[in-house]
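S.K.: The structure under discussion is supplied below as structure tokens; questions concerning it will follow.
The values are calculated or read from the model by the stated rules, or taken from the named source; none is laboratory data. Keep in mind that this is a model prediction, so the values were computed, not measured. Note that we place each Cβ from the backbone using ideal geometry, even for glycine, and neighbour counts take in every protein chain shown. The area values use the complete protein model at the heavy-atom level, side chains included, leaving out ligands, DNA and RNA. Shrake-Rupley method; radii C 1.70, N 1.55, O 1.52, S 1.80 Å.
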Amino acid sequence: MPEYPIFYDTVTLAPTREMTDEGYLLATASFARAGIYEYSAGEPSILNSDLPKEYQNDPRRVVKILRPESEVFNDASLSTYAGKDVTDNHPSEFVNSKNYKDLTVGHVTGSGRKEGDFVVADLIIKDADTIEKINDGKVELSAGYTAEYVEEKGSTSDGIPYEFVQRNITINHVALVDAARAGSQARIFDNSEVNTMPKIVTLDNGRTVEVADTAAATLI
């Protein structure tokens, strides 16, 4: 695997759960979208990257990174979801052949696919303790992946500036976490709940926020 910076990104599971005869949990996951993401220069993924020192020496500096659709949804990146491990919390190192027995609680069962603004893939959770945690409310997810930074200043069609472009996105694992970067909408839904996929709204100051439905997005 190339020595690209490590990133953690959020994921949302679709509003269905299915239990197999073996007691495994099946679900469909809707992963983070393309667009501009903000990172603090003090985050480990930035400090361990090849960003210029001017960023790394200012831990409070906000770095705006564009993840273009051409990278998020290209076949090479989507294919890296297939067979990747699901973990309970992010491990201290990436999952590999030497540590997967201690870390893995399930798997992504196929390649990612584009549905609307999101990458969608299917998961199977096999570990009974982890399934119990999910049923008890630990339902947010975050993907761990590597990516390459390309210094490229520009702005989106909406006029939102960015400083770097993320290329060569390669998934390593998906982690069950207490609090995902995208907030409570990045979660596993119950069968009885309606799928309220978050709407992305860009504010006047260039920041993006997620709201629960189209009505709220229109109001903003």
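S.K.: Averaged per residue, what accessible surface does segment 19-156 expose to a 1.4 Å probe, in Å²? Don't jump to the answer; show the numbers that get you there.
M.R.: On the way: 6800 Å² over 138 residues.
Value for segment 19-156: 49 Å² per residue.
S.K.: Compute the FRET efficiency between LYS126 and ARG60 as 1/(1 + (r/R0)^6), taking r as their Cβ-Cβ distance and R0 = 35 Å, and round to the nearest 0.05.
M.R.: Values: r = 41 Å, r/R0 = 1.17.
Computed FRET efficiency for LYS126 and ARG60 comes out at 0.30.
S.K.: Using modelled amide H (1.01 Å from N, peptide plane; none on Pro or chain starts), what sits under 5 Å from the amide H of ARG61, excluding residues fewer than 5 places away?
M.R.: Answer set, sorted by chain and number: ALA41, GLY42.
S.K.: In segment 71-115, what trypsin sites (Lys or Arg not before Pro) fall in a loop by DSSP, with at most 13 other Cβ atoms inside 10 Å? The partial results should precede the final answer.
M.R.: On the way: sites: LYS84, LYS98, LYS101, ARG113, LYS114; in loops: LYS84, LYS98.
Within segment 71-115, the qualifying trypsin sites (Lys or Arg not before Pro) (loop, at most 13 other Cβ atoms within 10 Å) are LYS98.
S.K.: If packing is taken as the average count of other Cβ atoms within 10 Å, what order do 166-172, 155-161, 71-77, 27-33 fall into, highest mean first?
M.R.: Working: 166-172: 20.3, 155-161: 11.4, 71-77: 16.3, 27-33: 22.0.
Packing proxy ranking, top to bottom: 27-33, 166-172, 71-77, 155-161.
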